[in-house]
Every structure is written in C-alpha cells, then in structure tokens.
Amino acid sequence: MKTSFAAPTLVLCALAAVGEAQVSFSSCDVNQDGLTNVADVQTMVNEALGNAPGINDLNGDGVVDVVDVQIVTNAALGLGCSA
C-alpha cells in the first residue's frame with residue numbers, strides 16, 4: 001500500500017499563503033476589527049478625553065479631539081470616513 005502526502009502538503013502550503021495576505025482597514029476602523037462602529041467611537045472618545053493614548057489623529061491637526069471623534073461617528077453612521 002502506497003501512501004501519498006502530496007495533497008495534504010499542497011493544502012497546507014495554500015493555507016499558509018492565504019494567512020500571509022495583507023489586510024487593509026479604513027482609517028476610521030481605529031480598533032482594526034474590520035468594522036467601523038460604536039467600539040471605534042468609544043475608542044476615539046477615550047483618546048480625546050486622555051483616558052487612552054491619543055494615537056488616532058484622523059484629521060492630522062496634531063491633537064486627538066472632538067473633531068476626530070466626529071469623523072469616526074460619521075463613519076459609524078454610514079456617512080463615510082473623511083480621514
């Protein structure tokens with residue numbers, strides 16, 4: 001009886017190649033979970049209040065504030081991400 005390992009090896013290689021694909025996120029998806037929703041808005045509120053590091057300056061003015069929160073809020077409401 002002859003055993004062949006070619007097919008399982010090919011499948012594993014194909015899965016490994018898929019796992020290396022680059023994923024891009026919207027700038028408004030600040031938690032990078034693939035969705036822009038209330039979780040992103042809450043993250044931005046926390047950053048604007050100083051409760052979390054301000055790393056998502058979406059309008060590029062040098063500060064995370066209510067304007068950045070509004071950008072994510074609009075995106076979460078389906079109005080598009082202007083960042």
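Values in this text are rule-based calculations from the coordinates and carry no lab data. These figures come from a predicted structure and were not determined experimentally. Methodologically, a virtual Cβ is constructed for each residue, glycine included, from the backbone with ideal geometry; neighbour enumeration extends over all protein chains shown.
The table for this structure:
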| read-out | value |
| --- | --- |
| Where labels lie 7 Å past Cα in the beta-carbon direction, separation of D33 and L49 in nm | 1.8 nm |
| For peptides 69-77, 37-45, sequence by mean Cβ density within 10 Å, most packed first | 69-77, 37-45 |
| Computed FRET value (nearest 0.05) for D61 with V23, which takes r as the C-beta separation and R₀ as 25 Å | 0.35 |
| Cα-based Rg of the stretch 42-83 normalised by 2.2 N^0.38 Å, two decimals | 1.05 |
